[in-house]
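Q: Structure incoming, see below.
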Amino acid sequence: MVTRPETGSSDAVGGDDATTVVLDPTGTDSDVRWAPVEPAPKKRHLGLWIGIPAAVVALGAAAASLVLVAPGTSVAGVSVGWLTPGAAAEAVSERLNGTELIVDGTAVSAADLGATIDAQALASAAFEERPLWNVTQWFGDPIAAPVAIDAEQAATAVRDAAPGLYVAPTDAELAFDAASQTYVVTPAIDGEGVDPASVQSALQQAFDGGASSVVIEDPSMAPLAAHTTTEEAQAGADVLNAMLSSAGFYIGEERAVPIDPSVLASWITVSTDDDGGVVFTADADAIQPVVDTLPGIVDRDPVDATVITNSAGENLWDIQAGQTGRALESTDGIAAGFAEQLADGNAVYALPVVETEFKTTALARSIDVNLSSQWVTLWENGKAVDGWSVSTGKQGAPTYPGEYTIQSMYPMQTLYGTYRGPNGEDLGPYVQPDVKWMMYFNGGQAFHGVYWHSNWGTPSSHGCVGMPEWRAAQLYDWAAPGVEVSIHY
């Protein structure tokens, strides 16, 4: 017989509330039955009313085990056991927000450092790895929680808290140098400040260790780059100097109106953008006065060409080179357009012009020498335009008949040769200095001026065609290399 703890021995048998537990004497019967001594009273179903709340509790516990993190779980020292993932994320975030660094005696909060942690992802991972229902994951090792900081924001916050630990960098400078007429760069100088990596490491240690604050003593230092580096300034100088060398108003490939480097530099303002890069702007109002002068410089009438040709029409010489006429269509918008180009690093501005073509006059010229009459005739476009008496080669040193062209021309030479007798015999050398207006047409035979005789109309030379110096000068100016020469009787 076994009695419930709340009954006395006198109540073991008999009595209205007495119950008896009958155990199988053989020990093999595990069935335990409540045996009433008196006839069983009417059932009151009390057990049903007691069982319903118990079932609810059991179901609630089962449901909770499906949404809560296992007990004993911690994320970087923050206990998140028995919490939902959402509550766990909030606890981790609050823990980070309550952590601060002490730098040179001044507190800097995690928020000031731009510290962040993916609390939601960490909490979700903790629940997935260690749900409450999985008792094998209870009281596991702490879960690491990497903390990130905004390096730039952290550097600013720590510098504000401990300015004595910082040496400010010096930006590179870019300016126009009037002496060299170029843009020159003054290099940047790096500064020094607390290394953001050491700040992140200290914050991580404090967070992992559960400390609400940590003092950074003797922090690691790191160089601080200038906002505008030497390389960025030099890149800007290279663009600007290239602009200086090419700046102008162009018509085709011709730089019709060059721009002086100092003038161009006065139009341009150099500054830096948010990233420290060099940028340019140009003042259209400063450009406009130069634009106003363009019509007087650019506009011109056409100049007709005059050329010497041979009988085949091939151009031998330009007496007057032709020049196309041109006029600006309009100056409207040129200053603003050039300012936009300069801001983009382009100093070559193409002017809108209307061109007028020139005309060409061709003069087909040739020289005719009659050995019989000792006369030279100048022909132009099929007409004789001038002629005069000459002196050609004498007996023994003739001027050879044939069709030739002028090969080369020299304003003055000293002539060396051999005197020839009537039969071509050698009579000794000669030297004739300062012979003017040499025009060679057949080897050593040439037209030239003669100052040592005036036997015009009589063969007197050693094979050349001689004439008065003023006539030779006239022919020199009239002829050109390639002009055809006809020698005949």
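The values are calculated or read from the model by the stated rules, or taken from the named source; none is laboratory data. A quick note: this is a predicted structure, and the numbers were derived from the prediction, not measured. A quick note on method: Cβ atoms are made from the backbone with ideal geometry, for glycine too, and the neighbour counts reach across all protein chains shown.
Q: Applying the selection to segment 437-477, what residues are modelled with pLDDT under 95 and part of a strand (DSSP E or B)?
A: Within segment 437-477, just 461 meets the criteria.
Q: Further question: Kindly check whether there is at least one residue in segment 165-177 that is without any contact (Cβ under 8 Å) to a residue 24 or more places away in the chain and assigned by TED's automatic domain parsing to the domain that holds residue 87. Outline the logic, then answer.
A: So in segment 165-177, the residues without any contact (Cβ under 8 Å) to a residue 24 or more places away in the chain come out as 177.
Checking the rest, the ones that are also assigned by TED's automatic domain parsing to the domain that holds residue 87 come to none.
No: zero hits.
Q: Next question. With the checklist (1) among the aliphatic types (A, V, I, L, M); (2) in contact (Cβ under 8 Å) with a residue 40 or more places away in the chain; (3) outside the structural domain of residue 470 (by TED's automatic domain parsing) in hand, flag the one item residue 376 doesn't pass.
A: Unmet condition: (3).
Q: Continuing with the same structure: If you go through segment 309-333, how many residues are among the acidic types (Asp, Glu) and in contact (Cβ under 8 Å) with a residue 24 or more places away in the chain? Walk me through how you get there before you give the answer.
A: Within segment 309-333, the subset among the acidic types (Asp, Glu) is 314, 318, 329, 332.
Still in the running and in contact (Cβ under 8 Å) with a residue 24 or more places away in the chain: 314, 329.
Residues in segment 309-333 being among the acidic types (Asp, Glu) and in contact (Cβ under 8 Å) with a residue 24 or more places away in the chain: 2 in total.
Q: Here is a list: 396, 382, 417, 387. Which entry is at pLDDT 95 or above and out of contact with any Leu (no Cβ under 7 Å at 6 or more places or on another chain)?
A: 382
Q: Could you grab the pairs with beta carbons closer than 9 Å, sequence gap of 6+ or different chains, first residue in segment 107-122 and on the phi > 0 side of the Ramachandran plot, second one crowded, with 17+ Cβ neighbours inside 10 Å and not aliphatic (A, V, I, L, M)?
A: none
Q: Return the residues of segment 468-483 that are surrounded by 20 or more Cβ atoms within 10 Å (Cβ to Cβ) and farther than 14 Å from residue 410 by Cβ; say none if nothing qualifies.
A: 471, 483
Q: Is it true that some residue in segment 139-151 is surrounded by 14 or more Cβ atoms within 10 Å (Cβ to Cβ), among the aliphatic types (A, V, I, L, M) and assigned to a strand (DSSP E or B)? Step through it out loud before you land on a result.
A: Step one: list which residues in segment 139-151 are surrounded by 14 or more Cβ atoms within 10 Å (Cβ to Cβ), which gives 140, 142-143, 145, 147-151.
Keeping just the survivors that are among the aliphatic types (A, V, I, L, M) gives 143, 145, 147-149, 151.
Cutting the leftovers down to assigned to a strand (DSSP E or B) gives us 143, 148.
Yes, segment 139-151 contains at least one residue that is surrounded by 14 or more Cβ atoms within 10 Å (Cβ to Cβ), among the aliphatic types (A, V, I, L, M) and assigned to a strand (DSSP E or B).
Q: Step by step: first the residues of segment 430-467, then only those that are surrounded by 15 or more Cβ atoms within 10 Å (Cβ to Cβ) and either aliphatic (A, V, I, L, M) or free of Cβ contacts under 8 Å to residues at least 24 places away in the same chain (or both), then the one that is nearest to residue 396 (Cα to Cα). Which residue is that?
A: 465
Q: Quick one: residue 159 ticks every box in (1) under 28 Å from residue 72 (Cβ atoms); (2) assigned to a helix (DSSP H, G or I); (3) in contact with a Phe, Trp or Tyr (Cβ under 8 Å, 6 or more places away or on another chain) except a single one, so which number is it?
A: For residue 159, the failing item is (1).
Q: Please return the ranges of strands (runs of 3 or more DSSP E) entirely within segment 205-320 where 1 or more residues are within 24 Å of the chain's Cα centre (by Cα) and exposed (fewer than 15 other Cβ atoms within 10 Å of the Cβ). Before you say what the answer is, go through the steps one by one.
A: Values: elements: 213-216, 221-224, 248-251, 254-258, 268-272, 278-282, 305-309, 315-320.
It comes to 268-272, 278-282.
Q: Need pairs with beta-carbon distance below 8 Å; first residue at positive phi and within segment 263-292, second hydrophobic (A, V, I, L, M, F, W, C); sequence gap 6+ or separate chains.
A: From residues that are at positive phi, the pairs are 276/226.
Q: Same structure again: Given the conditions (1) on the phi < 0 side of the Ramachandran plot; (2) in contact with a strand residue (DSSP E or B) (Cβ under 7 Å, 6 or more places away or on another chain), and given that residue 398 satisfies all but one, which numbered condition is not satisfied?
A: Among (1) on the phi < 0 side of the Ramachandran plot; (2) in contact with a strand residue (DSSP E or B) (Cβ under 7 Å, 6 or more places away or on another chain), the lone unmet condition for residue 398 is (2).
Q: Can you name every residue in segment 179-233 that is of a type in the set (Phe, Trp, Tyr) and farther than 30 Å from residue 96 by Cβ? So that I can check it myself, show each step before the final result.
A: Applying the first criterion (of a type in the set (Phe, Trp, Tyr)) to segment 179-233 yields 183, 207.
183 - this is the single residue of segment 179-233 that is of a type in the set (Phe, Trp, Tyr) and farther than 30 Å from residue 96 by Cβ.
Q: Is one or more of the residues making up segment 215-234 more than 17 Å from residue 113 (Cα to Cα), among the aliphatic types (A, V, I, L, M) and modelled with pLDDT of 95 or more?
A: Yes: one or more hits.
Here is a yes/no grid of residues against (1) out of contact with any Phe, Trp or Tyr (no Cβ under 7 Å at 6 or more places or on another chain); (2) on the phi > 0 side of the Ramachandran plot:
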position	(1), (2)
412	yes, no
427	no, no
433	yes, no
443	yes, yes
457	yes, yes
483	yes, no
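Q: Limited to segment 335-373, what total is found for residues that are over 23 Å from residue 481 (Cα atoms) and not in a helix (DSSP H, G or I)?
A: To start, the set of residues in segment 335-373 that are over 23 Å from residue 481 (Cα atoms) comprises 335-359, 372-373.
Within this subset, residues satisfying the condition of being not in a helix (DSSP H, G or I) are 344-359, 372-373.
Here the count works out to 18.
Q: Within segment 125-139, restricting attention to residues that are out of contact with any helix residue (DSSP H, G or I) (no Cβ under 8 Å at 6 or more places or on another chain) and either free of Cβ contacts under 8 Å to residues at least 60 places away in the same chain or small (Gly, Ala, Ser) (or both), which residue is farthest from residue 204 (Cα to Cα)?
A: Selected residue: 136.
Q: Quick one: in segment 374-410, which of the residues that are part of a loop (DSSP other than H, G, I, E, B) and under 60 Å from the mean Cα position of the chain (by Cα) is surrounded by the fewest Cβ atoms within 10 Å (Cβ to Cβ)? Even if it seems obvious, please write down each step before you answer.
A: Within segment 374-410, the first condition is being part of a loop (DSSP other than H, G, I, E, B), and the residues that meet it are 374, 381-382, 390, 392, 394-401, 406-407.
Now drop any that are not under 60 Å from the mean Cα position of the chain (by Cα), which leaves 406-407.
Working: 406: 21, 407: 14.
Out of the qualifying residues, it is 407.
Q: Looking only at segment 178-196, which residues are surrounded by fewer than 13 Cβ atoms within 10 Å (Cβ to Cβ) and without any contact (Cβ under 8 Å) to a residue 40 or more places away in the chain? Spell out the reasoning first.
A: First, the residues of segment 178-196 that are surrounded by fewer than 13 Cβ atoms within 10 Å (Cβ to Cβ): 178-180.
Passing the criteria: 179, 180.
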